[in-house]
Amino acid sequence: MPTPHNNAKPGDIANTVLMPGDPLRARFIAENYLESPVCYNEVRGMLGYTGKYKGVPVSVQGSGMGMPSIGIYSYELFTEYSVGNIIRVGTAGAIADSVELRDIIIGMSASTNSAYAAQYRLPGTYAPTASWDLLSAAAEAAKGLDCRYHIGNIFSSDTFYDDANSLADWQKLGVLGIEMEAAALYMNAARTGKNALAILTVSDCPLRGLSTTAEERQTSFRTMMELALETAVAVNE
Ligand code: HPA
């Protein structure tokens, strides 16, 4: 059923959707990794495509930046389009000392400073968690790739420019990296009984004042995409 944000028709979208923040990156992924991609959405420029990878139907759609934006798109994919799996593919800033530029982080859980969970009226603190099926498939696929990867807790922040400079406090609790979407995605998946995972490449180290070059981002992006697509194939079996 088309929504105010997505004019795909029922059946246009695959059971597994990869979600980069940038819709132009969704187009790049579709054109470079999928066989016979078809564009299903252009509303607000939030491009969505469906094609095949190794014979498995896969969609790729932009999420926009931040939890309100991925909250809308992922909720609609889960509830209006019967999507079963959403894998966020994006970038993160390193927080833990062990995490280096170009490493991959697989988000087992996503701490947050967002009030997204307030809607559930819980008498406590909810722990947004990745789906085991996707997490275990990604962990298995990562072993076969020539890359450094970490699996653990990430921090989904409402702010990119933050007055409180709190990253050192998150570091004390073993948090691996910072990004801005996974916690809301994990909560939507939990609430709708679906599956979600975030796979991230480390584009910068805010605590160390480092960032990757465009060329380095391109290489680590390819490894992340291979990992996400192999995960999509594995959970289809
Ligand atoms: N902060 C928030 N999100 C990010 C960052 C960051 O430093 N790097 C990549 N995504």
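Quick notes on this one:
- Max mean-square fluctuation residue, GNM over the chain, Cα-Cα springs under 10 Å, options T213, T159, T125: T125
- Across the stretch 124-196, Cα-Cα distances exceeding 20 Å account for 42% of all pairs.
- The label point for T125 and the one for E31, both projected 7 Å from the Cα toward the Cβ, are 4.5 nm apart.
- For the pair L173 and K9, a Förster radius of 35 Å applied to the C-beta separation gives a FRET efficiency near 0.20, rounded to the nearest 0.05.
- Computed over the chain, relative contact order equals 25 percent, with contacts defined as Cα pairs under 8 Å that lie 6+ residues apart.
- Legend: translational diffusion of the chain by Stokes-Einstein, Rh = Kirkwood radius over C-alpha pairs, 25 °C, 0.890 mPa s; D = 140 µm²/s.
- Candidate cross-link partners of K194 among the lysines, defined by an alpha-carbon separation under 22 Å and a same-chain spacing of 8 or more, comprise K9, K52.
- DSSP assigns beta bridges within the stretch 16-235; of those with both partners inside it, close to 45 percent run antiparallel.
- Filtered chymotrypsin sites (Phe, Trp or Tyr not before Pro), the stretch 147-187: DSSP coil and at most 13 other beta carbons within 10 Å: F160, Y161
- S82/F160 FRET efficiency (R0 30 Å; Cβ-Cβ; nearest 0.05): 0.35
- With a cut-off of 17 Å on the backbone N, the residues of the stretch 66-110 near the modelled label site 7 Å out from I151 along Cα-Cβ are 87-88, 104-110.
Read-outs throughout are calculated quantities, based only on the coordinates presented, and are distinct from any laboratory measurement. In this text the structure is predicted, and so the values were computed from the model without any measurement. Cβ coordinates were reconstructed from backbone atoms using ideal geometry, including for glycine residues, and neighbour counts include every protein chain displayed.
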